[in-house]
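Values in this text are rule-based calculations from the coordinates and carry no lab data. Because the structure is predicted, anything quoted here is derived from the model rather than measured. Virtual Cβ from ideal backbone geometry, glycine too; neighbours counted across all protein chains shown.
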Ligand code: CTP
Ligand code: CA
């Protein structure tokens, strides 16, 4: 019923959402990842689809079902996500990067299981490509780019720096130190940062946050 009741104000818009963590293999048995559950990104994809947008959801490994009417593109690593996003980015009206992309991956992936030995072990890590920064550098005229920023300290300052450095229109910042925000919760408290300033939204469900973000993304002029 809610499906039918929702105003289709995003009909004709193409929206790309990324969600979830990435997994960076160490060997065939082990990997490096983070605590992202994908809930915020999936909520955005669901909300955009309900409002009539044509939604592509590029998702790392999560325990969630694809929202109805959304084209799901499952990926594993940061490299996979980079390829999946950049291959369809040119046609998008808005790109929302809620994924928690690994910043580093093992420089060498073991072909076989690494056996333990006495003493410590080091894994050399190399940088992954920054997908959002690539999008900011290759953006199409009129395309809106929205990134996320999860911080444990200096949230505003660090998030503002990402807005500028990555050349995006909006950074949605949240702090792991705020009750009701963070990994795996069904609610969030976010601060929407644009070149015009920072707006702190009230505590609300991730579904409500999703609609508030879409309202601002599609009102954005630049
Ligand atoms: N991001 C990305 N590709 C990466 C790393 C991050 O597209 N390789 C995107 C995230 O999806 C998010 C935004 O950049 O939308 C900010 O991610 P975040 O991890 O908060 O910031 P970083 O720029 O990676 O800096 P740091 O982790 O050092 O805070
Ligand atoms: Ca990061």
For the chain, how big is the tail of P(r) above 22 Å, as a whole percent of Cα pairs? 51 percent
Highest mean first, how do 60-66, 194-200 rank when packing is the count of other Cβ atoms within 10 Å averaged over residues? 60-66, 194-200
If you restrict to DSSP beta bridges whose two residues both lie in the chain, what percentage is antiparallel, to the nearest 5? 35 percent
Let me know the shape class of segment 144-222, please: from the alpha-carbon gyration tensor, a ≥ b ≥ c as square roots of the eigenvalues, rounded when a/c is under 1.5, otherwise prolate if a/b is greater than b/c, or oblate. oblate
Can you give the Rg/Rh ratio of segment 26-66, where Rg is from the C-alpha atoms and Rh is the Kirkwood radius? 1.12
For segment 1-126, evaluate the Debye formula with one uniform point scatterer on each Cα (no solvent term) and list log10 I(q)/I(0) at q = 0.11, 0.12, 0.13, 0.14 Å⁻¹, rounded to two decimals. -0.45, -0.52, -0.58, -0.65
Output ordering of 175-181, 45-51 (per-residue mean of other Cβ within 10 Å, highest first) is 45-51, 175-181
Residues 31, 42, 104, sorted so that the one with the fewest Cβ neighbours within 10 Å comes first: 104, 31, 42
Which ordering of 24, 141 is given by a fewest-first count of other beta-carbon atoms within 10 Å? 141, 24
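What Kirkwood hydrodynamic radius, in Å, does segment 93-216 give when the mean of 1/r is taken over all pairs of distinct Cα atoms and then inverted?
The Cα-based Kirkwood calculation yields 16.5 Å.
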Counting each DSSP H run of 4 or more residues in the chain as -39500 (n - 2.57), what helix-only mean residue ellipticity at 222 nm follows after dividing by all residues, to the nearest 500 deg cm²/dmol? -7000 deg cm²/dmol
Counting other C-beta atoms within 10 Å, which of 6, 146 has the fewest, and how do the rest follow? 6, 146
